[in-house]
Amino acid sequence: MTTGPGLRLFIAPLLLLLLILAAIPVQARSGGSTITLGESDLQEIFAAIIAKESIWPRDELEISGFSAFPASVTIPAGLLDYQLDNALDPGHLGRQSLQVTLLVNGKAEARVRLNANLQRMGQVVMTARRINRGEVISRDDLVVHRRDIGMLDGSIINDPALVAGMQLRTTLQAGAIVYQNLLEKPPLVRRGDRVTIRASTGRVLVNAPGEVREIGAEGDLVRVRNLMSRREIMARVVNSGLVETEL
């Protein structure tokens, strides 16, 4: 396995079997009576431990800046296993340092320190251009990028379909992250709009003309004046010309 920035947690089948699925020792690769684990092998061990212990989904984790001390170890050929010697916070992101003892046939043969940066990566919806406050967002106004989400607010959005058709509470510049709390449904009715009031009880359905008394989006409860009875009621906005209530 090669080192470098942005290493996803794809683990070699040998170590996947050894360290994740069953933690059962397997026959290590041998060069006679000893085997040598290089930095790439040790990085696989680091990735396997993190994948097993971390609370974050494996496909969201990315390793960079890996180093090992010593950089390689030579141990007897045999059944290879490991022992994690220090406590690991399963939710920790950032720099991770693991003290690991390598066991062969159940006997401690080498101790290594494994270090790397751990990031949580995910899809994030961002603006493709400046979008002004109150402007209704289209799909073309959005882009999706994979980036580090470990330090971002939990209201980030990963699906542009959840944003298109909404409007902004504040102006965002191009390249800004779109958070759920910055969005609102665009209003369908405003004070003074004429609408049809649909009232129902059981199988009885009655329509009456009405006048909206306040701004409202789809699904909002708004005050509406019944123009026939002159009474003011609360009704739910269905679309720009229809509100519904119950008798």
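A compact globular protein would have a Cα radius of gyration near 2.2 N^0.38 Å; the ratio found for the chain is 1.66. Projecting the Cα positions of GLY150, LEU93, PRO76 onto the charge dipole of the stretch 34-154 (unit charges on Cβ atoms of Lys, Arg, Asp and Glu, taken about the Cα centre) puts GLY150 furthest along the positive direction. In the calculated pair distance distribution of the stretch 79-135, what percentage of Cα-Cα distances lie above 20 Å? The proportion of pairs with Cα distances above 20 Å equals 53 percent. Set against the 2.2 N^0.38 Å expectation for a compact globular protein, the stretch 187-246 has a Cα radius of gyration ratio of 0.98.
Across all Cα pairs in the stretch 27-146, the calculated P(r) in 5 Å bins from zero up to the longest distance comes to 2, 10, 17, 17, 12, 10, 8, 6, 5, 4, 3, 3, 2, 1, 0 percent per bin.
Along the stretch 108-120 the Karplus relation, 6.51 cos²θ - 1.76 cosθ + 1.60 evaluated at θ = phi - 60°, assigns HN-Hα couplings of 5, 10, 7, 10, 10, 10, 10, 10, 6, 8, 10, 10, 9 Hz to successive residues, with x for each Gly and Pro.
Mean residue ellipticity, 222 nm, helices only, the chain: the sum of -39500 (n - 2.57) across DSSP H runs of n ≥ 4, divided by residue count and rounded to 500, is -2000 deg cm²/dmol. Exposure proxy for ASP220, ASP59: other Cβ atoms within 10 Å of each Cβ, ordered fewest to most, give ASP59, ASP220.
Every read-out reported here was derived from the displayed coordinates using simple, explicitly stated rules and does not represent laboratory data. Remember, it's a predicted structure, so these values are computed and weren't measured experimentally. In this analysis, Cβ positions are derived from the backbone assuming ideal geometry, glycine residues included, and neighbour counts consider all displayed protein chains.
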